[in-house]
1. With a cap of 12 neighbouring Cβ atoms within 10 Å, and only residues DSSP puts in a loop, list the trypsin sites (Lys or Arg not before Pro) found in region 52-147.
2. Rounding to the nearest 10 and keeping the result within 0 to 90°, find how far the Cα-based axis of helix 169-179 lies from the longest principal axis of the chain.
3. If every alpha-carbon in region 203-321 counts as one equal scatterer, what log10 I(q)/I(0) does Debye give at q = 0.21, 0.23 1/Å?
4. If I model a spin label at Thr191 and Leu317 as a point 7 Å from the Cα along the Cα→Cβ vector, what separation in nanometres do I get?
5. Where does each of Met297, Met264 land when they are ranked from fewest to most other beta-carbon atoms within 10 angstrom?
6. How long is the gain from Lys30 to Arg247 if the chain were fully straight, where each residue apart is worth 0.36 nm and the alpha carbon distance is subtracted?
7. I need the GluC sites (Glu not before Pro) found in region 228-337, filtered to DSSP loop residues with at most 15 other beta carbons within 10 Å of theirs.
8. Going by how many other Cβ atoms sit within 10 Å of their own, how do Lys237, Lys261 line up, fewest first?
Amino acid sequence: MGHRKWSAPRRGSLAFAPRRRAKTLLPSVKHWPSWTEEPKLLGFIGYKAGSVTIRYIDDFPGSLTHGTEVAAQGTVISTPPNYLVGITVLVPDVYGEPKEVGRVFATELPKPLVERIRGIKPGAGDIAELERNLSRASEVRAIVASIPAEAGLSQKKPFLLEVGVSGTPESAFSFLKERLGSRIGVDQVFTPGSFVDVIGVTKGHGFTGVVARHGVKELPRKQRKTRRAVGAIGGRKPPYVTRFVPRAGQYGFHKRTEFNKRIMLVLQDGSPLTPPGGFPHFTVLRSPAVVLLGSVMGPPKRPVVLREPAKPPSYKLGAPKIESILYSDHVLEVTVP
């Protein structure tokens, strides 16, 4: 690996193996945190718009700048209303894993959903059959749809996602049954100051070599064959290459989860957050929006899932006191509710 005598740190984290491409733009969520509170949706679909600078009063406990004004990066997420289009009930199988026993769809569905997604029919499913399975159900999930056009994007095909619901299966089912076919706003799911997990797909870079993919050091200039490669891949007999050796392959477009991003702002109208000319590679915000503290994976327009925190911090914070929101040298006039 060039220019070392005895040892070096390994190249590339094994925490993300295998480094393969994500199957879809909107990732499925494997875990929904268990809650015993009143029924509510545990997730929401949004779209990354861009970054801003937030000036706010630091209120994190134990922070060295506690009580003073600080500036930090914030990410604007466009969050048009999600449609509650269906309900599904899951029961444990012989191995204890949740298995779907049936699903039901609303009688009135958004037109793009019926036209663009195959196999969805208004009113499909037997809701009475689902109720009979509630006694042995382990989980009840909501089937929500998000239409990118409502965020100002050009994509016509909606995104579908199964979202967990807090509470017991009986209370969760009655909660969804009352709201089946309605629109759910982001303010009905999250509040300013709370923490969320962001699940999405990173920016893709295609097939790359080991220098870009794993940070392997280039070999000396007088290397006989190649410089941007691993110096030795192992001398094992019979010959094989272990999984610990950095190799070329897919770089980016991976499913990732970032834990405990703080919600700084929730707006019913996101247009005040739009800089002059709109966000680069996005558009002018024409929908409700959420501002998160920190960065979010993926390029603009990339769909992300906001989820209740699986590993929440030990402390709770209220709504932050925001002094101003900036984009470059332009101050965005945002009225904090």
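1. On the way: sites: Arg55, Lys99, Arg103, Arg116, Arg118, Arg132, Arg136, Arg141; in loops: Arg118.
Qualifying residues, ordered by number: Arg118.
2. Long axis of 169-179 versus the principal axis of the chain: about 70 degrees.
3. Treating every Cα as an identical point scatterer, log10 I(q)/I(0) equals -1.26, -1.37.
4. A separation of 1.6 nm, rounded to one decimal place.
5. Lowest to highest Cβ neighbour count: Met297, Met264.
6. Numbers: separation 217, 0.36 × 217 = 78.12 nm, distance 2.83 nm.
Between Lys30 and Arg247, full extension yields 75.3 nm more.
7. Working: sites: Glu258, Glu323, Glu333; in loops: Glu333.
Answer in residue order: Glu333.
8. Values: Lys237 5, Lys261 21.
So the ranking, lowest neighbour count to highest, is Lys237, Lys261.
Read-outs throughout are calculated quantities, based only on the coordinates presented, and are distinct from any laboratory measurement. Quantities reported herein were computed from a predicted structural model and do not represent experimental measurements. Heads up, the Cβs are rebuilt from the backbone with ideal geometry, glycines too, and the neighbour counts pull from every protein chain shown.
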